[in-house]
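Novice: First the structure, which I've put down as structure tokens, then a few questions once you've had a look.
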Amino acid sequence: MRYTIVGLYFLWATAVPTLMAQTPVPDSLSLDSAIARVLATYPAVQQASRGVLASQSRVQGSRSAYYPEVKGEGSYTRVEPVPSIDIPGQGALKLFPANNYDAHVAVRQTVYDFGKRATEVEYSKSFEQTADHNVEFVQAALAFETIRSFYAILYLERSLDVQDEQITSLSRHLDVTREKVRTGSATDFEVLTTQVRVATAQSQRVDVANALEREQVRLRGLMGLPPDAPVYPAGTFAVTAPELRLDSLVTLALAQRPEVKLARDAEATAGIQRQLASLGDRPSVKVAAELGVKNGYVPDLNQARGNWNAGVQVEVPIFNGFRTRNRVAENEAAVDAARDHTQDIERRVATEVQQAMADVRASRQQMETSELQVQQAEAAVSMAEVRYDAGVITNLDVLDAQTSLEAARLVWLKARYDFVRSRFELDRALGNRVWEGQGRQ
């Protein structure tokens, strides 16, 4: 299969996920549509998205502390014997009825708690932000995994084309050599040597075809396609070379990488949790009111009458067994650990950016060198064919030149593939959101 260069840039994912989930895969699969389908159908993305919904509900739940608590309460109590007082001339006077009924609506509201409720809401919000960044982390991992598989298939397909060309060329030379053996102008050794080279090329083709099939299975799995679904990626190995400025790229990566965002989220959450723990022994002021009906009022103890009450409650913790102090100390250690983790991630990201930059430089140089090697190998084949026609060299010399040309073409193809792969690895190291069409820096 032959491919032509269709441009210098790739289009990125802009399709609506639900539409992509329902759209069948075309015979010619572009990179942007592959990424969009993976992000629309892969379970890990759905799982991360549900985590966002759960965290949003948690935030709303923490805000419920700002609202009053209203509940209906009812009770019945039977008391026997009923205490009474004997009054001379009037008999026994019961102090309360034997059957006691009480039904009321109670309202309770925290008025002031020294910032506990606000800190709990902020604590819940930190999980919501973490959930958002986790979605980005999952999307980035899947997008770049799709890119790797997509371009691996392109590379292996074109490698298979080169292998087929080599086998065709060797088979043609084998026919020519056999004809020359028949006429006495070549030896059986040349035939045997050519047959060995054909067998070697066919064996190499089997390895390439197997690697291609494995990558196709991998891409189908990412896209959620059935095993028999056709996968024909269409793309080019042409991308732009970035300006490699270390300081600015590292700064960009530290601002964009989802791993760094998640580490900083964990650090911020630990800090809020420490603050919340420090408020454990702060006072709180609450108000409460009740409105209802009950019996037990004189002069008729059994008659239910309306009643209400209201009050203010102040809670001042005095001693809780050093619980607050120990929780603060525990969370101080958690904050330090989270800070160390963030610094570790930032150092790893800076290292990955530097390594990616080095790979881009090396692959670009290798690509330029391989182009020259192909040109030299093509010239060598032309010279060998002319000399062979003149009877100066043997068929084996021509095969050596053609084998060198096919090897040079494979090296050239591998160099272009490595350059594209290193360029996307730099995008990954920088945290570029390629699945949203973000431009490369």
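Taken together, the values in this text are just the output of simple stated rules run on the coordinates, not laboratory data. All figures in this text were calculated on a predicted structure; none of them were measured in a lab. All Cβ positions, glycine included, derive from the backbone under ideal geometry; neighbour counts span all protein chains shown.
Novice: Bin width 5 Å, alpha-carbon pairs only: give the P(r) of segment 260-361 as whole percents, running from 0 to the bin holding the largest distance.
Specialist: Per 5 Å bin, starting at 0, the Cα pair percentages come out as 2, 10, 10, 9, 9, 8, 8, 7, 7, 6, 5, 5, 4, 3, 2, 2, 1, 1, 1, 0.
Novice: Taking only Cα atoms and a 10 Å spring cutoff, compute GNM fluctuations for the chain and point out the largest among 151, 388, 232.
Specialist: Highest fluctuation among the options: 388.
Novice: Same structure, new question: Which value, in debye to the nearest 20, gives the size of the charge dipole of segment 92-213 about its Cα centre, when Lys and Arg are +1 and Asp and Glu are -1 at the Cβ?
Specialist: Dipole magnitude for segment 92-213 comes out near 280 debye.
Novice: Is there a pair in 180/414; 71/94; 116/294; 71/294 whose C-alpha atoms are over 26 Å apart, and which pairs would that be?
Specialist: 180/414; 71/94; 116/294
Novice: In a Gaussian network model over the chain where Cα atoms closer than 10 Å are linked, find which of 338, 40, 329 has the largest mean-square fluctuation.
Specialist: Highest fluctuation among the options: 329.
Novice: With an 8 Å cut-off on Cα pairs and a minimum separation of 6 or more residues, tell me the relative contact order of the chain in percent.
Specialist: Value for the chain: 23 percent.
Novice: Return a whole-number percent for the relative contact order of segment 250-334, with Cα pairs under 8 Å and 6 or more residues apart as the contact set.
Specialist: 33
Novice: Which of the lysines could a cross-linker bridge to residue 261, judged by Cα under 22 Å and excluding same-chain residues fewer than eight apart?
Specialist: Leaving aside lysines fewer than 8 places away in the same chain, those within reach of residue 261 are 125.
Novice: Measure off 7 Å from each Cα along the Cα-to-Cβ vector at residue 92 and residue 164, then give the distance between these two points in nanometres to one decimal.
Specialist: Between residue 92 and residue 164, the label points sit 11.0 nm apart.
Novice: Quick one: which residues, 5+ away or cross-chain, put their amide H under 5 Å from the amide H of residue 30? H built at 1.01 Å from N.
Specialist: So residue 30 has HN proximity to 234.
Novice: For segment 201-241, give the magnitude of the charge dipole about the Cα centre (Cβ charges: +1 Lys/Arg, -1 Asp/Glu; no others), in debye to the nearest 20.
Specialist: Taking the Cα centre of segment 201-241 as origin, the dipole is about 60 debye.
Novice: Return 318, 345, 85 ranked ascending by Cβ neighbour count within 10 Å, so the fewest neighbours appear first.
Specialist: Final ranking by Cβ density, sparse to dense: 318, 85, 345.
Novice: When each pair of different Cα atoms in segment 44-183 is counted once in the 1/r mean, what is the Kirkwood radius in angstroms, to one decimal?
Specialist: Values: mean 1/r = 0.0407 Å⁻¹.
After inverting the pairwise mean of 1/r, the radius is 24.5 Å.
Novice: Give the order of 67, 42, 101 when sorted by the count of other beta carbons within 10 angstrom, beginning with the fewest.
Specialist: Ascending Cβ contact count within 10 Å gives the list 67, 101, 42.
Novice: Also, I was wondering about something else. Between 393, 35, 87, which gets the highest mean-square fluctuation from a Gaussian network model of the chain, Cα cutoff 10 Å?
Specialist: Largest GNM mean-square fluctuation: 87.
Novice: Relative to 2.2 N^0.38 Å, what does the C-alpha radius of gyration of segment 346-396 come to as a ratio? Two decimals please.
Specialist: 2.12
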